[in-house]
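Heads up, the thing below is written out as structure tokens.
The values are calculated or read from the model by the stated rules, or taken from the named source; none is laboratory data. Being a predicted model, the structure only gives us computed values, none of them experimental. Cβ coordinates were reconstructed from backbone atoms using ideal geometry, including for glycine residues, and neighbour counts include every protein chain displayed. Side chains included, ligands, DNA and RNA excluded: accessible areas come from the protein's heavy atoms. Shrake-Rupley method; radii C 1.70, N 1.55, O 1.52, S 1.80 Å.
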Amino acid sequence: PRSTLFPYTTLFRSRGLAGAAVAGAVPRCAAAAAPKSTKRILWLRHEEDSSDVVAPFCLDGRSVYMPGYRMICWVMRDRHVPAKRGYVQFDIVEIEALWEVQQTLAIHGIVRPLIVTSGFRTQETNVATEGAARNSMHLYAKATDFYVEGVSTRDLFDICWSRAISGGIGYYDDHIHLDSGARRWWTG
């Protein structure tokens with residue numbers, strides 16, 4: 001049988017895994033994310049269906065753990081088109097950037113899911129999205145719009161900006177845009 005671990009460079013450009021794991025990343029997985037752990041676990045909830053996904057996307061600090069990675073990609077799919085077209089491999093650097101944000105929140109005692117409002121978008125969904133850039137990073141599965149209940153968008157913006165892995169950061173009234181592109185920021 002085929003291994004479920006693949007080097008990052010097999011699937012995506014590699015920037016390596018940055019940041020240290022912090023205890024308390026997600027409720028049932030806190031022990032797995034103890035300090036100096038190489039396991040990366042992301043807790044997501046999509047705003048449309050409110051189902052939680054707690055999924056490890058890396059077990060050893062070097063390789064993508066495919067079962068967990070696929071679960072994350074499923075949450076990040078374009079829900080406005082058939083699943084066959086809306087499900088893609090999401091950028092692993094973006095997933096790791098989201099993980100870093102969640103770890104920073106955990107340091108401050110905030111142990112909650114990132115609530116995703118938009119991940120990957122097909123061209124037709126992007127055109128129908130008000131204010132979306134024509135060449136949006138969402139089209140390339142390299143951007144996420146999200147918020148965290150009980151955390152201001154200003155605080156989320158500051159957390160995203162402070163992380164080692166952060167590209168474009170958009171500050172909006174009700175969510176933050178985070179992508180794995182060039183480092184930049186804007187207000188919506």
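Here are a few things to note about the model shown:
- Percentage relative contact order, the stretch 29-188, counting C-alpha pairs under 8 Å, at least six apart: 17 percent
- The length gained by stretching the chain between ASP155 and ILE110 to full extension, at 0.36 nm per residue less their Cα-Cα distance, is 15.0 nm.
- Overall form of the stretch 52-187 per C-alpha gyration tensor (a/c, 1.5; a/b vs b/c): oblate
- With contacts taken as Cα pairs under 8 Å at a separation of at least 6 residues, the stretch 93-188 carries a relative contact order of 27 percent.
- Computed label-point distance, nm, for sites ARG62 and ALA164 using a 7 Å Cα→Cβ extension: 1.7 nm
- Rolling a 1.4 Å probe over the protein chains gives VAL127 an accessible area of about 110 Å².
- Protection proxy ranking of 93-101, 44-52, by the mean of other Cβ atoms within 10 Å over each peptide's residues and highest first, is 93-101, 44-52.
- Spin-label pair TRP185/VAL81, simplified geometry with 7 Å Cα→Cβ offset, distance in nm: 3.3 nm
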